[in-house]
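The values are calculated or read from the model by the stated rules, or taken from the named source; none is laboratory data. From a predicted model like this one, the values you see are computed outputs, not experimental measurements. As a convention, Cβ positions derive from the backbone with ideal geometry for all residues, glycine included, and neighbour counts pool all protein chains shown. We work out accessible area using only protein heavy atoms, side chains counted, and drop any ligands, DNA or RNA first. Shrake-Rupley method; radii C 1.70, N 1.55, O 1.52, S 1.80 Å.
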Amino acid sequence: MSNAVATACPACGAPVEPADDFCEACGTRLTAGEQQAPASHAAGSCSGCGAPPEAIGSDGYCSLCGLRQPSPRDHHEIDLGVTAGVTDRGLRHHRNEDALFLKVAGDGTIVAVVCDGVSTSIDPDVASQAASDAAGDFLMAAVENQADHLIDVTRQAIDTAQDAVAQVPWTPTDDMAAPATTFVSAVCQRGTIALGWVGDSRAYWLGSTSAQRLTADDSWAEGQVDAGTMTEAEADADPRAHSITRWLGADAPTGEWQVTTFTPDGPGRLLLCSDGLWNYAPTAAQLAELLAGQPDDASLLAITRFFTDFALAGGGHDNITVVMVDFVIPDRQGGS
Amino acid sequence: MTTFTAETYQNEYLPEGGAEVNAVVTVAASGSAVNGRVGGSIGDVDAVRGASSVEAAEIVIIDISGSMNYPPAKLRAAQEATGAALDCIRDGVWFGVIAGTKLAHQIYPEPGALVPASTQTRNDAKFAVAQLQAQGGTAIGAWLGLANELFATQPNAIHHAILLTDGKDESETPAELMEVLAACDGTFQCDCRGVGTDWVVSELRTVASALLGTVDIIANPADMPADFQAVIEKAMGKAVNDVALRLWTPQGAKVQFVKQVAPTIEELSGKRIVVNDLTGDYPTGAWGDESRDYHVCIKVTPGKVGDEMLAGRISLVVDGQVQSQALIKAIWTDDTQLSTQMNREVAHYTGQAELAQVIQEGLEARKAGDEGTATVKLGRAVQLAAQTGNDATTKLLAKVVDVEDPATGTVRLKRQVEDADEMALDTRSTKTVRVNRPVS
């Protein structure tokens, strides 16, 4: 980055003095040097031009430069010790359309849901939030009521999420589709994982002795690989790769939901994520290698933050959501 | 009480480095409930039931220059039309009648003031109008100047005038007319009508645009009474005066234009009143229950991909109170599927504005003898009118050109065009077709 001192304001072009910290014409903060690094503004001041908190309107727009201020949903973390999750807007989207649900029930069962709103639909951020809240609440209630067949419960949870998204109010326009989102959920109970998914949000098992992808995308690319017409690398490189073939929403194709159970044979971590992460490390082997580089005593929160930063460093082209769950296999009775 | 709503229609997504934001803003007013029946007296309970009555002032200005005698039917029609107009004025509304030559003559009531309408005063006025004789010149500025003075005697009323002329503004210079228009700016609205074909469209359009009014041709004098009635009835429906469209834009942004695009095209950019560094007010005159569309174009300093910026904030200023709000947004994205779509409302009105422009340019070229340009421009007009479903304009164009293929805009200029048809196309070129929205 050049260290040349600016002589004209980068925002409005007005002439500025070398010693100026702020442009006198438009109030933009002037930094001599790295323009990428956000200036450290006083808390509450505009993240764009540094205007004081009083200048921020009640609807979140700065009344001087017009920039929409960051929202809490832009970066959100949940840390429950045995499980942790991070969701982040990324570097290129104007809002976070991913949603995250993560809770631990009274009996220690973990319920996790990750949803990724479809950008070409209306109000995708509302869709993903509605789906994850509806399914998450349903799963938690089922677990608290000691429900047995977690696969059936997972199917019902996806039904509930589908209803919730289909009911998101929207006004038809020529160009945009009805609110839509992907979905992936995991219920981790007594050493077994019940998974359900729609679209291309994924679950991986990163065990101490093995690593594998647990979900198969509802996507064009996956269809090609399944049919044997392309390798995974070829399909991923095609521009059509990310067209999803199933989603939740008013105009979604119908059919049976994809569900499965997985019982790990040793300790390890479950990872759920949206494509904002796996686009940068699609295979289980790549994710496992990244994980292996983390210190042994790293907390799950630290590891999920690490994966998020990895995606941001790769370019952060999409919203990023990562959830991890620790699996310690219960001791078998009678010793080794 | 009149309440306003404002709604934005736009594609907010811009490509990396994109700076131009276009939006259509629909402003709707309702709840005007202007009361008072024509013919009822002020004390009439029915007349004041409901919303409080609105103070209004109405002046009818008619041309009595010598040409109004050729034929005599013209003057008689103007007298009849004035009577019809007076009959539409609500009881209690202040009114007066000005007859114009190279001077302005207040023929009713006694010069210097207006009177409230009642059965008695309306009849007295009609009597005065019946005595009119036509002779002399035409000085529209003088007539407007007198109307301005009379309106000043009723400062709290909504001021509206209807002006009729049949010829060129020959008894004063254009500079004199412009001076009067500047003095009248913002004090009253005036709808202008030209009868016959000897008046100049661009002249009357200048007056109407300056005074936030409409302009139209009455080709056949017999149509005058009905037209005057319609104009006055519309004026009587206005309940709130001096409504301004307020536009805030952020630092580093420039307003490229603000235009009314429905029901007619009016360029408002030149009328902007500065409120502060970032805010300007655009006068829109008096409102009844109605809806108008505006096209706003703002050039902003591009943000980074992922930024969301408020490019404009629209609100309505009514009686000093700010009402309603519509947001014009800019969101930078690298998703070309999002940024390359053109919002259909913006596309529609951009087309309608181009339609008005090519009609006016085509007619000018035709008058100047430049048949090549005229054919190209009017051909483009035919194409646009067909594409945007503007049937009224298609019919008017068909009187001036022979249409071979509306899809490609292939036309031939007609050899013989009636002046009235050419002037009708010219005056109505700014009438737009409303974009249709799905009924939710």
Practice item. Using Cα centres only, tell me the gap between the stretch B:108-177 and the stretch A:234-281 in whole Å. Key: 77
Study note, to complete from the structure: Expected field for residue B:108, accessible surface area in Å² at 1.4 Å probe radius, rounded to 10, holds 30
Point to revise | the stretch B:73-94-the stretch B:300-366 distance, computed between alpha-carbon centres (Å) | key: 41
Point to revise | Values of log10 I(q)/I(0), in the order q = 0.17, 0.18, 0.20 Å⁻¹, for the stretch B:131-219 under a Debye, Cα-only, solvent-free model | key: -0.69, -0.77, -0.94
Revision key, fill the gap. Residue B:100 neighbourhood, Cβ < 12 Å, K/R = +1, D/E = -1, net charge -3
Practice item. Report the antiparallel proportion of the DSSP beta bridges in the protein assembly as shown as a percent, rounded to a multiple of 5. Key: 80
Exercise for review: Grab the alpha carbons of the stretch B:378-440, take their convex hull, and tell me the volume per residue in Å³.
Suggested key: 74
Check your understanding: Can you give the mean number of other chain Cβ atoms that lie within 10 Å of the Cβ atoms in peptide A:62-75?
Key -> 4
Revision key, fill the gap. For the stretch B:310-404, the Cα-Cα pair-distance distribution in 5 Å bins from 0, as whole percents, is 3, 11, 16, 14, 11, 9, 12, 11, 10, 4, 1
Revision key, fill the gap. Karplus-derived 3J(HN,Hα) from phi for the stretch B:412-427 (6.51 cos²θ - 1.76 cosθ + 1.60, θ = phi - 60°), whole Hz, x at Gly and Pro, runs 10, 5, 6, 5, 10, 10, 5, 3, 4, 5, 5, 6, 5, 4, 4, 5
Study note, to complete from the structure: If R0 = 41 Å, then residue B:387 and residue B:87, at their Cβ-Cβ distance, give a FRET efficiency to the nearest 0.05 of 0.45
Review point. Would you list B:122, A:246, B:415, A:240 from the most to the least accessible area, probe 1.4 Å?
Key: B:415, A:240, A:246, B:122
Check your understanding: Leaving out same-chain residues fewer than 8 places away, which lysines sit with a Cα under 20 Å from that of residue B:271?
Key -> B:254, B:259, B:299
Point to revise | Given charges at beta-carbon only (K, R positive; D, E negative), |dipole| of chain B in Debye | key: 400
Check your understanding: Size of the stretch A:88-230 along its principal axes in angstrom, Cα-based, largest extent first?
Key -> 49, 39, 29
Check your understanding: Can you list the equivalent-ellipsoid semi-axes of chain B, largest first and in whole Å, using the square root of 5 times each Cα gyration tensor eigenvalue?
Key -> 39, 29, 18
**Study point:** Efficiency of FRET between residue A:328 and residue A:226 - r from beta-carbon atoms, R0 30 angstrom, step 0.05
**Key:** 0.30
Point to revise | Cross-link pairs beyond the 24 Å C-alpha cut-off, checked among B:377/B:399; B:367/B:399; B:74/B:126; B:395/B:431; B:74/B:367 | key: B:74/B:367
Study note, to complete from the structure: Note on the stretch B:225-282: alpha-carbon gyration tensor, axes a ≥ b ≥ c; rule is a/c under 1.5 for rounded, else prolate if a/b larger than b/c, else oblate; result prolate
Check your understanding: Residues of B:306-317, mean number of Cβ from any other protein chain within 10 Å of their own Cβ, rounded to a whole number?
Key -> 4
Study note, to complete from the structure: When A and B pair up, the total accessible heavy-atom area removed from solvent (1.4 Å probe), in Å² to nearest 100, is 2100
Exercise for review: On a 0 to 90° scale, report how tilted helix B:174-184 is relative to the longest principal axis of chain B, with both axes built from alpha carbons and the result rounded to the nearest 10.
Suggested key: 80
Review point. How much area per residue is accessible in the stretch B:246-381 when the probe is 1.4 Å and only protein heavy atoms are counted (Å²)?
Key: 40
Check your understanding: What share of Cα pairs, in percent, lie more than 52 angstrom apart in the protein assembly as shown?
Key -> 34
Exercise for review: Please report how far the C-alpha centroid of the stretch B:244-271 lies from that of the stretch A:139-204, rounded to the nearest whole angstrom.
Suggested key: 47
Point to revise | Signed unit charges on C-beta, dipole axis of the stretch B:66-184, positive-most listed residue B:114, B:163, B:84 | key: B:84
Check your understanding: Within straight cross-link reach of residue B:102, meaning Cα distance under 18 Å, which aspartates and glutamates are found once same-chain residues fewer than 8 apart are removed?
Key -> B:63, B:149, B:166, B:169, B:170, B:172, B:176, B:179, B:198, B:203
Practice item. Could you size up the charge dipole of the stretch B:385-432 around its Cα centre, putting +1 on the beta carbon of Lys and Arg and -1 on that of Asp and Glu, and report it in debye to the nearest 20? Key: 60
**Study point:** P(r) weight above 24 Å for the stretch B:257-376, C-alpha pairs, percent
**Key:** 46
